[in-house]
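Only one structure is covered here, and it is reproduced in the block below.
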Amino acid sequence: MTIPAAARPWTRDTTMNTEASPSPATPSAPVAPAYRGAGLDLRDLTLAYGEVDVVRSISLRVEPGTTTCVIGPSGSGKSTLLRGINRLHEPKSGDVLLDGASTLGQHPDQLRRKIGMVFQHFNLFPDHSALENVALSPWKVKRLSKKEAIDLARARLDEVGLRDRADHRPKDLSGGQQQRVAIARALAMEPQVMLFDEATSALDPELVNGVLNLMASLSRRGMTMVVVTHEMGFARRAANQVVFMDEGQVVETGTPEDIFDRPRSARLQRFLSEVL
Ligand SMILES: Nc1ncnc2c1ncn2[C@@H]1O[C@H](COP(=O)(O)OP(=O)(O)O)[C@@H](O)[C@H]1O
Ligand SMILES: [Mg+2]
């Protein structure tokens, strides 16, 4: 199950990328931490649709500044779990702790400033430029002045390698560039945790690596990330921890080597044999 180097270019500067890699250009060089990711604890988290519990009593620790990849079959509750963490879906029971403090008493809008989310579909405002898409929340929600919000948005677009696309509308950007704008938009709120729900699943294959490279660079720079992904190569290379979910539960948690090289449960073995 070893993934050849050529198939995991996001760990290195590579010419396989058809889109410019976001800075830093050489991932192997030491990079100053730019983010202060928070620790995240899920305690017995249960989420339901009506009478049906689709996430069942999940407990999980995500250390500050680390990346946890969540894998598992379709319908296993991965998206619902992410939506529960930032309260797009109100938990039925259990708790979510940020740096040890319960978040359930917080207003969901407050919480979503601390926990950013990036979706499969980018959900950009079509009638606004890339710059405006990134500046809007800092201006409207964070109540920065318009100039401060624009300056911040420029810096964030720079960070995701899109300085020269600031004035483009979404329709004039590739899917990969749109997703990078969505990531810049989430970063503009200065989150302590970033959640990614299949952020590359809607992209044309040649655009996937540019976004994975950006995600790996956020991870190296100290962001705490929970990444639902079908990109097993990315999970193997970029994750500190991999979580395998099935039927609403965590079946196995471990290092990428534990999960991919030494799967214990029959369910994980079967899943890997289907996806690898
Ligand atoms: N809006 C909804 N209403 C009712 N059931 C839902 C809804 N969204 C998802 N589900 C169900 O919840 C379960 C988990 O779904 P989901 O979290 O989307 O899984 P995954 O992201 O792993 O594919 C599935 O059985 C799905 O059918
Ligand atoms: Mg999903």
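Of note:
- Residue match in region 206-223 (condition: more than 30 Å from Ser174 (Cβ to Cβ) and buried (at least 18 other Cβ atoms within 10 Å of the Cβ)): no
- Single condition Val275 does not satisfy, out of (1) within 16 Å of ligand 1 (Cβ to nearest atom); (2) under 25 Å from Ala38 (Cα atoms): (2)
- Residue match in region 193-215 (condition: within 16 Å of ligand 1 (Cβ to nearest atom), closer than 26 Å to Pro91 by Cα, assigned to a loop (DSSP other than H, G, I, E, B) and of a type in the set (A, V, I, L, M)): yes
- Selection status of Ala235, within 16 Å of ligand 1 (Cβ to nearest atom) and open to solvent by 20 Å² or more (accessible area, probe 1.4 Å): no
- Failed item, numbered, when Leu218 is tested on (1) part of a loop (DSSP other than H, G, I, E, B); (2) more than 16 Å from ligand 1 (Cβ to nearest atom); (3) of a type outside the set (Val, Ile, Thr): (1)
- Where a residue in region 53-82 is closer than 24 Å to Arg220 by Cα and without any contact (Cβ under 8 Å) to a residue 40 or more places away in the chain and its partner, wherever it lies, is not in a strand (DSSP E or B) and not aliphatic (A, V, I, L, M), with Cβ under 8 Å and at least six apart: Arg61/Gly39
- Members of region 57-74 that are away from ligand 2 (no atom under 16 Å from the Cβ) and under 20 Å from Glu90 (Cβ atoms): Ser57, Ser59, Leu60
The values are calculated or read from the model by the stated rules, or taken from the named source; none is laboratory data. Remember, it's a predicted structure, so these values are computed and weren't measured experimentally. Positions of Cβ are backbone-derived with ideal geometry, glycine not excepted, and every protein chain shown enters the neighbour counts. To get the accessible areas, we keep the full protein, side chains included, count just its heavy atoms, and leave off ligands, DNA and RNA. Shrake-Rupley method; radii C 1.70, N 1.55, O 1.52, S 1.80 Å.
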